[in-house]
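S.K.: Sharing a structure, written as structure tokens. Questions coming.
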Ligand code: FES
Ligand code: FES
């Protein structure tokens, strides 16, 4: 059995300490280790983006990150967007604009959308479409996804922009 390494990650605001095999992917750790199955795994080629989470505020494909690489970071998954029974503006917008079909890609889309909203990058539809480049919706209903992201930006218009990673304290640019 492979040696395990200790990690400490803050996931959705809750700090967890654990031991993982060095090869464990963050996506697998979130799903199998923490039971956060909202993070989907839709490919084995790092292409679909269903596994997208925010790592220290930046969108990453969690199937391309080792759990040990997330040691000491803050991770947000789709479960962390809003408390049960409430909806984040992005979730509200997707509901309003019918931005999902089967829903498989939706967790990743929501996390990327949250980042776009935080960065105030939702007013240009072409930019939204280009930003979705790393996320594959098998249902191909991108039109409503794009509309929903633009709507999320409108709903969240009063929220301050989150600082880019390079502007945060302690993060090298
Ligand atoms: S599961 Fe991560 S990109 Fe497809
Ligand atoms: S809604 Fe079905 S894969 Fe995107």
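S.K.: What is the one condition in (1) over 14 Å from residue 153 (Cβ atoms); (2) in contact with a strand residue (DSSP E or B) (Cβ under 7 Å, 6 or more places away or on another chain) that residue 115 does not satisfy?
M.R.: The single condition residue 115 does not satisfy is (1).
S.K.: Kindly indicate whether residue 141 is at pLDDT below 95 and either assigned by TED's automatic domain parsing to the domain that holds residue 47 or surrounded by 13 or more Cβ atoms within 10 Å (Cβ to Cβ) (or both).
M.R.: In short, yes.
S.K.: Of the numbered conditions (1) more than 10 Å from ligand 1 (Cβ to nearest atom); (2) surrounded by fewer than 19 Cβ atoms within 10 Å (Cβ to Cβ); (3) modelled with pLDDT of 95 or more, residue 31 satisfies every one except a single condition; which is it?
M.R.: (2)
S.K.: Filter the stretch 88-112 down to residues that are touching a strand residue (DSSP E or B) at 6+ places or on another chain (Cβ under 7 Å) and within 13 Å of ligand 2 (Cβ to nearest atom) and give me whichever is nearest to residue 141 (Cα to Cα).
M.R.: Only one residue tops the list, namely 108.
S.K.: Out of the residues in the stretch 41-58 that are surrounded by fewer than 22 Cβ atoms within 10 Å (Cβ to Cβ) and within 15 Å of the chain's Cα centre (by Cα), state the one that is farthest from ligand 2 (Cβ to nearest atom).
M.R.: Going through the qualifying residues, I end up with 56.
S.K.: Something else now. Of (1) away from ligand 1 (no atom under 16 Å from the Cβ); (2) assigned by TED's automatic domain parsing to the domain that holds residue 117; (3) assigned to a loop (DSSP other than H, G, I, E, B), residue 102 satisfies all except one. Which?
M.R.: (1)
S.K.: In addition: Looking at the stretch 43-57 only, could you name the residues that are more than 10 Å from ligand 1 (Cβ to nearest atom) and either assigned to a loop (DSSP other than H, G, I, E, B) or under 16 Å from residue 133 (Cβ atoms) (or both)?
M.R.: Correct list: 56, 57.
S.K.: What's the number of the only condition in (1) outside the structural domain of residue 151 (by TED's automatic domain parsing); (2) part of a helix (DSSP H, G or I); (3) under 27 Å from residue 121 (Cα atoms) that residue 32 fails to meet?
M.R.: Every listed condition holds for residue 32 apart from (3).
S.K.: Still on this structure, please answer the following. Sort out which residues of the stretch 122-144 are away from ligand 1 (no atom under 16 Å from the Cβ) and under 18 Å from residue 81 (Cβ atoms), and write them in order of number.
M.R.: Passing the criteria: only 122.
The values are calculated or read from the model by the stated rules, or taken from the named source; none is laboratory data. Note that the structure is a prediction, hence the values are computed from the model and not measured. Quick reminder, even Gly has a Cβ in these numbers, built from the backbone with ideal geometry, and neighbours come from all protein chains shown.
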